[in-house]
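The values are calculated or read from the model by the stated rules, or taken from the named source; none is laboratory data. Please read these numbers as outputs of a predicted model, since none were measured by experiment. Using ideal geometry, Cβ is built from the backbone for each residue, glycine included, and neighbour counts are taken over all protein chains shown. Just so you know, the surface numbers come from the protein's heavy atoms only, side chains and all, with ligands and any DNA or RNA stripped out. Shrake-Rupley method; radii C 1.70, N 1.55, O 1.52, S 1.80 Å.
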Amino acid sequence: MLTVLPMTSINSHLNYTSIRNQTMSLAAPLSAEDCCVQAMPDASPVKWHLAHTTWFFETFVLESWELEFKPYHSAFRVLFNSYYNAIGDKHPRSQRGMLSRPSLDEVMAYRANVDQRIQALLVSNIDNQALLQMIELGLHHEQQHQELMLSDIKYLLSLNPLFPSYKNISESVEPPNELRTKLPKSTKDLMWCNFDAGLVQLGRNSSENKSENTEFFFDNETPRHQVYLQAYKLASRLVTNSEYAQFIAEGGYQQAQYWLSEGWDWRKAQDRHHPLYWVKENNVWNEFTLNGLAPLNPDQPVVHISYFEADAYARWAEARLPTEAEWENAAANLPLKGHFSDSGLFHPMPDQDLYNLLSPDGLTQMFGDVWEWTQSSYAPYPGFRAKADAVGEYNGKFMVNQYVLRGGSCVTPVNHLRASYRNFFPAHACWQFSGIRLAR
């Protein structure tokens, strides 16, 4: 992993406290029962997320730098290890929901203990850049789990026939008066934004020269390299609920010609006829959100779409999904503005949202709202080398049978993202906040 902006001890204290407190705030609306349940093998209980993110700091920071280190609890090394084979044994992922012990209170005490020790370590290691870089990696790791917590609890609550809300969430955020006149009155017609053919630079420079590095990035974003792109077009905005509903109404889920073979098998095995959280009542579509069941907003971006569904929709729309190189080339010079978790709404918004004004290229919603599927397999960039230590297992080992998503979502912290960020999931995954931007 790489951190590229040298951190001061003061910044480390502030960032550590802020991000760790945000995790606790996300868990606050939940009961102990909510926090213990594992709704499916791909999801984890909130209690496990709270413990695992703490395990990361204990294992990779305290164990390496704390004098006279002693583990908080020796069993936690196995219980809350996710996939780090170099660390040792792991509790089976599919059985994380069986861990009724330790209790939620014990996990909270574990977090408090490790937080106190990390803060003391920062005081005594004010200029230790290796320590500060590992802490920064741990904080970005924690932000990934903040997003997973919201995705996982949404899936869990959706299985409850009462359709409970995670918490009461404001319906809208009013823009400042001076900007209201600049907002479109309704969802704009989809336009096509043109990009010329040519060589483009993608990824990040992994140089250790601090003068060349300005912000944190993960190792899978390196090294910076050249790619030749043919001329292409990107849709100006994301695909909306109303557009996807038309795909459903015209039999998109019943026509095999739009689907990859594996996708068609997945659709039949899942008996899937619509996006994950859509619910039809009295012939009207509703959508389960973290605020409970709500009428489907036709102008909002369609969300919780698998790669299989995104690819099928693109074929039906006589388009395709963009490559990750096309997406990054288009987004590289755009400001990092969008609808993120910082708003507290935790649901995609229509493209007239304050933060999605047209870019100079005509693109909206490139950051935030939904993670955008690309047609690119998650693979190493030319010259990529994973580190040999346990932290090197963070990204490189997953470079098979996954597709890349770009841009972040409405449950992603804004300070966690950049244009080069590569998210990745298997083609069947749809409990994440994933959606569609078309390309040609």
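Can you tell which of 158, 170, 151 is within 20 Å of residue 368 (Cβ to Cβ), of a type in the set (Gly, Ala, Ser) and modelled with pLDDT of 60 or more?
Testing whether each residue is within 20 Å of residue 368 (Cβ to Cβ), of a type in the set (Gly, Ala, Ser) and modelled with pLDDT of 60 or more leaves just 151.
Search the stretch 98-117 for residues that are under 15 Å from residue 57 (Cβ atoms) and pair each with any residue that is open to solvent by 60 Å² or more (accessible area, probe 1.4 Å) when their beta-carbon atoms are under 8 Å apart and the residues are at least 6 apart or on different chains.
Between residues of the stretch 98-117 that are under 15 Å from residue 57 (Cβ atoms) and residues that are open to solvent by 60 Å² or more (accessible area, probe 1.4 Å), the close pairs are 110/72; 110/73; 111/24; 113/72; 114/72.
With respect to the numbered conditions (1) open to solvent by less than 10 Å² (accessible area, probe 1.4 Å); (2) closer than 30 Å to residue 167 by Cα, which one is the sole condition not fulfilled by residue 312?
Unmet condition: (2).
Can you name the number of the only condition in (1) touching a Leu at 6+ places or on another chain (Cβ under 8 Å); (2) farther than 30 Å from residue 224 by Cα; (3) in contact (Cβ under 8 Å) with a residue 24 or more places away in the chain that residue 278 fails?
Status for residue 278: all satisfied but (3).
Taking residue 322 as the residue in question, decide whether it is touching an Asp or Glu at 6+ places or on another chain (Cβ under 9 Å), farther than 30 Å from residue 223 by Cα and not hydrophobic (A, V, I, L, M, F, W, C).
When the stated conditions are applied, residue 322 does not pass them.
Inside the stretch 397-430, can you point out the residues that are open to solvent by 20 Å² or more (accessible area, probe 1.4 Å) and farther than 19 Å from residue 368 by Cα?
Result: 397, 398, 399, 400, 401, 402, 426, 428.
Taking the criterion of being open to solvent by 40 Å² or more (accessible area, probe 1.4 Å) and more than 30 Å from residue 370 (Cβ to Cβ), would at least one residue in the stretch 130-137 satisfy it?
Checking the stretch 130-137: at least one residue is open to solvent by 40 Å² or more (accessible area, probe 1.4 Å) and more than 30 Å from residue 370 (Cβ to Cβ).
Pull out all pairs, ordered by first then second residue, where Cβ-Cβ is under 6 Å, the residues are six or more apart or on different chains, the first lies in the stretch 318-339 and is in a helix (DSSP H, G or I) and at pLDDT 95 or above, and the second is open to solvent by 10 Å² or more (accessible area, probe 1.4 Å) and among the small types (Gly, Ala, Ser).
324/376; 328/419; 331/419
Take residues that are buried (at least 16 other Cβ atoms within 10 Å of the Cβ) and in contact with a helix residue (DSSP H, G or I) (Cβ under 6 Å, 6 or more places away or on another chain) and tell me which of the strands (runs of 3 or more DSSP E) falling wholly in the stretch 224-305 contain 1 or more.
Values: elements: 225-229, 232-235, 278-281, 284-289, 292-295.
By residue number, 225-229, 232-235, 284-289.
Which pairs turn up if I take residues in the stretch 216-231 that are more than 10 Å from residue 326 (Cα to Cα) and among the β-branched types (Val, Ile, Thr) and look for partners that are part of a loop (DSSP other than H, G, I, E, B) and open to solvent by 30 Å² or more (accessible area, probe 1.4 Å) with beta carbon separation below 7 Å, at least 6 apart in sequence or on another chain?
Qualifying pairs under 7 Å: 222/204; 222/206.
Filter the stretch 358-395 down to residues that are among the acidic types (Asp, Glu) and modelled with pLDDT of 80 or more and give me whichever is farthest from residue 222 (Cα to Cα).
Residue satisfying both the conditions and the ranking: 369.
Criterion first (modelled with pLDDT of 95 or more and open to solvent by 40 Å² or more (accessible area, probe 1.4 Å)) does residue 70 satisfy it?
yes
Please verify whether residue 26 is in a helix (DSSP H, G or I) and touching a Lys or Arg at 6+ places or on another chain (Cβ under 8 Å), treating the condition exactly as stated. Can you show your working first?
Numbers: in a helix (DSSP H, G or I): yes; touching a Lys or Arg at 6+ places or on another chain (Cβ under 8 Å): no.
So residue 26 does not fit the description; no.
Taking the condition surrounded by 15 or more Cβ atoms within 10 Å (Cβ to Cβ) and either among the charged types (D, E, K, R) or more than 17 Å from the chain's Cα centre (by Cα) (or both), does residue 345 pass? Break it down into steps so the answer makes sense when it comes.
Numbers: surrounded by 15 or more Cβ atoms within 10 Å (Cβ to Cβ): yes; either among the charged types (D, E, K, R) or more than 17 Å from the chain's Cα centre (by Cα) (or both): no.
So residue 345 fails the test.
Let me spell it out: the conditions are (1) in contact with a helix residue (DSSP H, G or I) (Cβ under 6 Å, 6 or more places away or on another chain); (2) modelled with pLDDT of 95 or more; (3) under 22 Å from residue 408 (Cβ atoms); (4) surrounded by fewer than 19 Cβ atoms within 10 Å (Cβ to Cβ), and residue 175 meets all of them except one. Which number is the exception?
(2)
Quick check on my filter: what residues within the stretch 97-112 are open to solvent by 20 Å² or more (accessible area, probe 1.4 Å) and within 24 Å of the chain's Cα centre (by Cα)?
If the condition is that a residue be open to solvent by 20 Å² or more (accessible area, probe 1.4 Å) and within 24 Å of the chain's Cα centre (by Cα), then 97 is the only one that fits.
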